[in-house]
Amino acid sequence: MNKLLYLAKRLVLGVPVVLFGLTMTFLILYLSPFDPMTAILGRDADPETARQVAVALGIRYPDGTPVPLWIQYKNFLVDTITFNFGQSWVVTRGQSVGTLVWERMPATVWLGFWSVVIALLVGIPLGLYAGLRSNTWGDYTASFGGIVWRAMPNFWLAVMLAGLLSAGGALSFYRGFLIPTEVIGTSNALKNMLGSVALGGISVPVPNFYNWAVAFKWILPAALVLGSSSMGNEVRIGRTAVLESINAPYIETAKAKGLSTKTIIGKHVARNAMIPLLPVIMGEFYLLIGGSLLVELVFGIRGMGNLYLSAIFASDVPIIGALTYVFILILVFFNIAQDIAYTVIDPRIGLEGGTE
Amino acid sequence: MCATVTDTTDERDLRDETTLRDRVLANPMPALTWSAVALGLLALEFGAFLAGVLLVLDSALVGVSALVEVTVGLFSQAGAKTVLGFQQSASGVLDGFRSTANSLPTLLSRETIPNQGYQTSADGAWENTFMGLEPGIAWAIRATLVYVYAGAIAYWAFRGWDVFRTHYRNADWSPRDDVVDRLRDHRWAQFGIIVVLVFTTMALFAPALGPTTVGQNIESPYSHEIQYFDSESGEVETAFVGDANFNSKSKGNGNQNVGPMSYDDFGRFHPFGTLTNGRDLFTFIAMGARISLTVSALSIIFAGLIAIIMSLASAYYKGIVDLATILAADGITSIPQLLLLLMVAMAFQGHWLAGVFNGGFLLALVFGATSWPGLWRAVRGPALQVSEEEWIDAARSFGQRPSVTMRKHMLPYVLPYLLIYGSMSVGSIVIALSALSFIGSGLGINPPTPAWGRAISMGREYVSTQSWHIAFIPGTMIVVLVTGLNAFGDGIRDAIDPESEGGAEEEAAAGGTAG
């Protein structure tokens, strides 16, 4: 019960964050020198078309009088929050923004998921290893690698990797390795993750494992790049955290009790080292959303990040607003998930106060 | 190393009451020696130094008047026009001085050690180069001298502090001595300082460092001519730089490549090879370093200023001011920074502000406006803490003005924290800046002004061809610079605040925006 209450509290606290973010977006899109009308129609627009567009955008009333700013603000907030995003104006004219975003979502989610998982699977063990063998050559290599890895811009890493994977590059064999896949562009396998099997006249969806494998292999390079900066962070923090907890008195006690090294590391060191790692893992989502824009651009993945960039190039206000809202929602969701995870890992972190 | 002056009580009293001027006059020798060498070093590069000062003045003038203009423009268009007119005429006058300053001879200029020349026959001697050497060697000599000079200047500046500390400071010891001493055996920080110095030198000496100039090679290649030995006709011929560039492209396939450390068909040396349009990559990168470092420095200064004002005001007044600050910061941080940057950059496209400093000024403003919440969060704690102290209460009851209290009694306590977090987040600004230039489409630094991200974007298709250098070298530059900046930040933190350990928050600050 207590936990549910805590969850509810966190959810309520998320509401203002969403509101601030949307207000910020509104301020930039509607109050800056930026003029959506010129962006959509060009400079010499037919006045009648201009009037229609202005009405559709909610800038003017049908009789031509301008809509007061606060009503625009209210409409923007209400429409966005209720997922009523309107139509795209430039990128694909006339298409509903909701559908557009929904279509682009799977690629980004797939990319984000694997980049987090890969970063965790590589970064944390490396960090633990470096911490447990501090001041050996292995530690130095891992730490230094982590530091340099972190300093690499995602987009540059993506450019280099995509170049090496392309025809004639040193890694071009990857595309034909085990299962043939593409690495640039969007794989069709993503759309066909579920096959269907006829079972007594009804078709039942079952996962198509071949396509899962193809989709995984297709996303692997991009996910590796996207996860890179978080990986560097995890190595560094993991190392410090292990060093801190390994010298703690309770480890001494555990040793005195005669626990095996394996148990000590698994149950006490690793678990306590996870506490400082959590914000880093969650902070990754900030990095991921920013990074996904560039990685999707370089790898030509048709995801939300790519859509956002096209919307920015074309000044397509409805898409920008909608995607910003979706990204804010994702961030708020993971922030809440982080606080919940804290309470699971470390029961001492109070359900009452919570963390910030 | 520490002060060795033997103290009698009288002497100490005397020293405590004297000004720096008196102390120098009482014992002028060390100061004179130091200044003589410093003046000598300066004289070697006087023209460039003067030009640099004028450039900074000019930039400050344009920047400040741009801000004034925006503010005035809110109220009256005519007022804004007047400001703009003043800005243009004043900037014109400074430009005149600058060209005079630039014409003064300096040791490290391309006129003293020229590297652009031509051969008179296939294996003949080089004309117009330094002592008839090969252009590559002449360039290497000049580049080495630039770095030796920069090293000497840096060392001498440090010596100056040492001389001051040993001979002229009132106190025998100050906490700053400890800070420096801690840096003395901090190898990681020293690596960072060296990297930062190397890149600062590259930025400051960009015009002298490149094998050619931005004006000649990149901005107006069709208003400059070069002479070269044409092996087909067997004679020395003249060509526009633009035409020479056209025939020196690096496009990966066949003979279309001028790699690092090689000559093109026009006898021009390219330390880092050429770009896809035949321009010299080293010149491009050196000028790009100037842009990157200036914009990053400006951004962090803007962000730091906003953060410090916000944190002091909210800690002093609390209540509604504090709440408003929190709301603003939360609004900004709820959107990932790159999205915010892109949105603002798009909103200001075509606006005249986007033309100031080739778009760099607007970018610095945007970075400042979007990255202050991170810094603010870092200094908010210390600011709140100090605002609880009794002396703040005392100052208030004593009737001191709030601004004075904040500046005199709160700022000194908060500043070190700002320095630490600020230096740790510069790296992420460098990355984000190059990311914007990489995306291009009017979002980053305006072409043709060099920007590292644009070079990477140009080389995208050629990574696994023989023209790999186009994307690889600028990227490596970013990695080295950001690693150095992070090391520098770590060093500052360890030196100022030795108790602290790299915590999660700092890492997040350093990781900042993903590029």
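Looking only at residues of segment B:225-236 that are out of contact with any Ser or Thr (no Cβ under 9 Å at 6 or more places or on another chain) and assigned to a loop (DSSP other than H, G, I, E, B), we find that the one that is nearest to B:W126 (Cα to Cα) is B:S231.
Does any residue of segment A:116-135 turn out to be of a type in the set (S, T, N, Q), within 11 Å of chain B (Cβ to nearest Cβ) and touching a helix residue (DSSP H, G or I) at 6+ places or on another chain (Cβ under 7 Å)? Checked against the condition, which is being of a type in the set (S, T, N, Q), within 11 Å of chain B (Cβ to nearest Cβ) and touching a helix residue (DSSP H, G or I) at 6+ places or on another chain (Cβ under 7 Å), segment A:116-135 yields no hits at all. Is there a residue in segment B:424-435 that is crowded, with 24+ Cβ neighbours inside 10 Å, touching an Asp or Glu at 6+ places or on another chain (Cβ under 8 Å), part of a helix (DSSP H, G or I) and touching a residue at least 60 places away in the same chain (Cβ under 8 Å)? Looking through segment B:424-435, at least one residue is crowded, with 24+ Cβ neighbours inside 10 Å, touching an Asp or Glu at 6+ places or on another chain (Cβ under 8 Å), part of a helix (DSSP H, G or I) and touching a residue at least 60 places away in the same chain (Cβ under 8 Å). Scanning segment A:287-316 for residues that are of a type in the set (V, I, T) and at pLDDT 85 or above returns A:V295, A:V298, A:I301, A:I312. Hey, among the residues in segment A:47-96 that are in contact with a helix residue (DSSP H, G or I) (Cβ under 7 Å, 6 or more places away or on another chain) and among the polar types (S, T, N, Q), which one's surrounded by the fewest Cβ atoms within 10 Å (Cβ to Cβ)? Here the answer is A:T49.
Taking segment B:437-452 as the range and being buried (at least 24 other Cβ atoms within 10 Å of the Cβ) and more than 8 Å from chain A (Cβ to nearest Cβ) as the test, the residues that pass are B:S437, B:G444, B:I445, B:P450, B:A451, B:W452. Within segment A:160-171, not a single residue is in contact with a helix residue (DSSP H, G or I) (Cβ under 7 Å, 6 or more places away or on another chain), more than 9 Å from chain B (Cβ to nearest Cβ) and over 22 Å from A:G290 (Cβ atoms).
When segment B:453-475 is filtered for residues that are within 9 Å of chain A (Cβ to nearest Cβ) and under 22 Å from B:G360 (Cβ atoms), the ones remaining, listed by number, are B:G453, B:I456, B:S457, B:P474, B:G475. Looking only at residues of segment A:1-22 that are touching a residue at least 12 places away in the same chain (Cβ under 8 Å) and of a type in the set (V, I, T), we find that the one that is nearest to the other protein chains (Cβ to nearest Cβ) is A:V17.
If a residue counts only when it is loosely packed, with under 14 Cβ neighbours inside 10 Å, which helices (runs of 4 or more DSSP H) contained entirely in segment A:160-262 have at least 3 such residues? Let's see the steps before the verdict.
Details: elements: A:209-226, A:228-246, A:249-257.
Output list reads A:249-257.
Find the residue count for segment A:242-252, including only residues that are within 14 Å of chain B (Cβ to nearest Cβ) and within 10 Å of A:L132 (Cα to Cα). Residues flagged as within 14 Å of chain B (Cβ to nearest Cβ) and within 10 Å of A:L132 (Cα to Cα) within segment A:242-252 amount to 2.
In the set B:V414, B:V404, which member is more than 22 Å from the chain's Cα centre (by Cα), crowded, with 24+ Cβ neighbours inside 10 Å and in a helix (DSSP H, G or I)? Write out each step before concluding.
On the way: B:V404 fails: crowded, with 24+ Cβ neighbours inside 10 Å.
Checking each option against the conditions leaves just B:V414.
Report those helices (runs of 4 or more DSSP H) wholly inside segment B:251-357 carrying at least 1 residues which are within 10 Å of chain A (Cβ to nearest Cβ) and touching a Gly at 6+ places or on another chain (Cβ under 8 Å). Can you show your working first?
On the way: elements: B:281-317, B:319-333, B:337-347.
Fully inside segment B:251-357 and qualifying: B:319-333, B:337-347.
Residues that are more than 11 Å from chain B (Cβ to nearest Cβ) and in a helix (DSSP H, G or I) were ranked within segment A:294-303; the one that is nearest to B:M346 (Cα to Cα) is A:E296.
From the list B:T200, B:T212, B:T106, the lone residue that is assigned to a helix (DSSP H, G or I) and surrounded by 13 or more Cβ atoms within 10 Å (Cβ to Cβ) is B:T200.
The values are calculated or read from the model by the stated rules, or taken from the named source; none is laboratory data. Values in this document were obtained by computation on a predicted structure and should not be read as measured data. Here Cβ is always computed from backbone atoms with ideal geometry, including for glycine, and neighbour counts include all displayed protein chains.
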